[in-house]
Amino acid sequence: MFLSVFDIFKIGVGPSSSHTMGPMTAAGLFLDALRGGADRVPGAGEPAKLSCRLYGSLAFTGKGHATDRAVVLGLAGQTPQGIDPDQAEVLEAEIAAAKMVAVEGLGPLSFDPSLDIVFDYGPALTLHANGMKLFAHDTDGNLALEETYYSVGGGFVMTEREMNRRDKDAEAAEAETAGWPYPFSSAAEMLEMAKLSGKSIAEMKRANEEVALGNTLNARIDAISASMHACIDRGLREDGILPGGLNVKRRAKKIHEQLEQEKGLNIAQPHIANDWLSVYAMAVNEENAAGGKVVTSPTNGAAGVTPSVLRYYRDHCHGATEKGARDFMLTAAAIGGLIKHNASISGAEVGCQGEVGSAAAMAAAGLCAALGGTPEQVENAAEIALEHHLGMTCDPVAGLVQVPCIERNGLGAIKAVSAASLALRGDGQHFMPLDNCIEAMRQTGKDMSDKYKETSQGGLAVNLPEC
């Protein structure tokens with residue numbers, strides 16, 4: 001299965017790719033289905049009323065992740081890429097007051113968010129922990145259209161039909177790869193193709209991307225990188241209290257000011273590099289927690305790791321180049337695609353090992369490549385970073401992407417740089433292949449209790465300060 005660099009890195013809105021971006025996208029897809037009309041119930045009248053039901057993790061942590069707000073905005077025609085976060089609150093309030101959404105091509109439809117979005121705390125839907133159903137009824141209350149969607153992580157959305165079909169499409173997927181010169185679906189295949197071709201992972205990924213994008217590829221990569229840097233810069237400028245009720249203070253601005261003041265004073269400890277990595281990552285995830293624009297990397301909950309390490313490469317590493325930054329992004333996307341294809345990047349499915357763990361593996365591989373690592377060293381870097389996140393739970397306090405998520409991104413970035421450095425000190429030969437580590441993550445996530453998979457029913461989420 002081919003996943004583009006722009007599937008892995010998508011500009012969207014916080015606080016969650018699976019709980020905010022995914023449901024918003026699903027709502028838009030539902031409107032498209034309504035406009036198309038092909039799947040409408042025979043005999044039903046024109047759609048007059050919309051409603052939604054959230055299941056599993058979307059229900060348990062939906063309030064903290066702004067899932068209900070995402071559905072409202074999605075049904076109003078907003079998209080994760082195009083939404084203006086500063087105007088979203090105004091639009092949401094207008095819809096709540098009018099109990100109506102004006103839908104292009106369908107006219108005004110009855111929709112009261114306080115009544116028509118139901119959080120179902122019963123059993124999750126069978127195919128994924130992040131399930132939701134959208135409904136349209138006619139003026140007589142007859143069902144006009146019903147669709148089930150699954151938000152499978154990183155902003156990716158699939159209908160129930162697509163989920164049921166995905167394991168049956170191996171032959172079609174194999175045929176689909178025929179147009180790409182390097183269609184690797186495992187790390188082992190990736191390394192073998194690199195060996196036979198003499199190309200780096202970034203060069204192979206570039207060749208695959210250029211089949212569709214041609215000479216526009218560099219500009220699109222640069223645009224995504226620029227969005228990452230802009231998000232860091234916004235996070236370093238802002239302060240105050242994050243929304244949601246935990247009264248968590250933004251810290252990135254103050255820490256960054258301290259680091260800037262210490263430059264050239266010879267008072268910093270050698271480990272100050274860790275502070276720079278952490279502050280870049282925290283800046284992103286504070287923006288994400290505030291509902292700002294971020295880049296999925298590969299998810300919103302882990303959106304700080306890769307941008308932090310990319311910034312570290314650009315501003316702190318000797319010999320950093322524009323080509324190196326592009327190789328970083330291409331290589332990171334290649335590793336992210338392998339993890340998503342062979343395991344999961346969804347915290348609701350496998351815990352935070354699938355989010356921050358995957359992000360650390362991507363960033364480690366990207367940095368290793370940018371610093372001149374061989375394909376074997378890049379694969380080793382990714383494996384080291386992922387291996388040491390195995391078993392990590394997703395237990396956000398109050399369902400908010402704040403505690404422990406913001407600091408966790410900083411530590412993920414630190415681990416990524418350490419993993420890349422260790423790999424570069426070796427020759428690429430190591431005991432545990434990346435493919436096996438990815439499979440271990442999949443198995444661990446499958447066995448992990450649902451309490452620790454983005455439901456806020458276990459771990460830190462239930463062990464709160466008493467005063």
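Rule-based calculations on the coordinates, nothing more; no lab input. Note that the structure is a prediction, hence the values are computed from the model and not measured. Here the Cβ is made from the backbone with ideal geometry for all residues, glycine too, and neighbour counts use every protein chain on show.
General observations
- Rounded to 10°, Cα long-axis angle of helix 201-213 versus longest principal axis of the chain: 40
- When each of the peptides 258-265, 379-386, 431-438 is scored by the mean number of other C-beta atoms lying within 10 Å of its residues, the order from highest to lowest reads 379-386, 431-438, 258-265.
- Cα gyration tensor category, rounded, prolate or oblate, for the stretch 178-462 with a/c compared to 1.5: oblate
- Order by protection proxy (mean Cβ within 10 Å, highest first), peptides 194-202, 68-76: 68-76, 194-202
- Gyration tensor verdict on the stretch 209-303 (Cα atoms; rounded if a/c is under 1.5, prolate if a/b is larger than b/c, oblate otherwise): oblate
- For the chain, the longest principal axis of the Cα atoms and the long axis of helix 272-289 meet at an angle of about 10 degrees.
- When each of the peptides 355-361, 137-143, 412-418 is scored by how many other beta carbons lie within 10 Å of its residues on average, the order from highest to lowest is 355-361, 412-418, 137-143.
- Note on K253: lysines with a C-alpha under 17 Å away, same-chain residues under 8 apart excluded, are K263.
- The chain: calculated mean residue ellipticity at 222 nm from DSSP helix runs of at least 4, using -39500 (n - 2.57): -15500 deg cm²/dmol
- Lysines with Cα under 25 Å of K49, excluding same-chain neighbours fewer than 8 positions away: K63, K99, K133
- Note on K195: lysines with a C-alpha under 18 Å away, same-chain residues under 8 apart excluded, are K205.
- Helix axis angle, 85-98 relative to the chain longest principal axis, alpha carbon, degrees: 10
- Sequence of L367, L310 once ranked by neighbouring C-beta atoms within 10 Å, starting from the fewest: L310, L367
- Positive dipole terminus of the stretch 20-137, leading residue within P47, G28, V90 (C-beta point charges): P47
- Contact order normalised by residue count of the chain, Cα under 8 Å, 6+ apart, percent: 18
- Label-point separation, A223 to E238 (7 Å along Cα→Cβ), nm: 2.3
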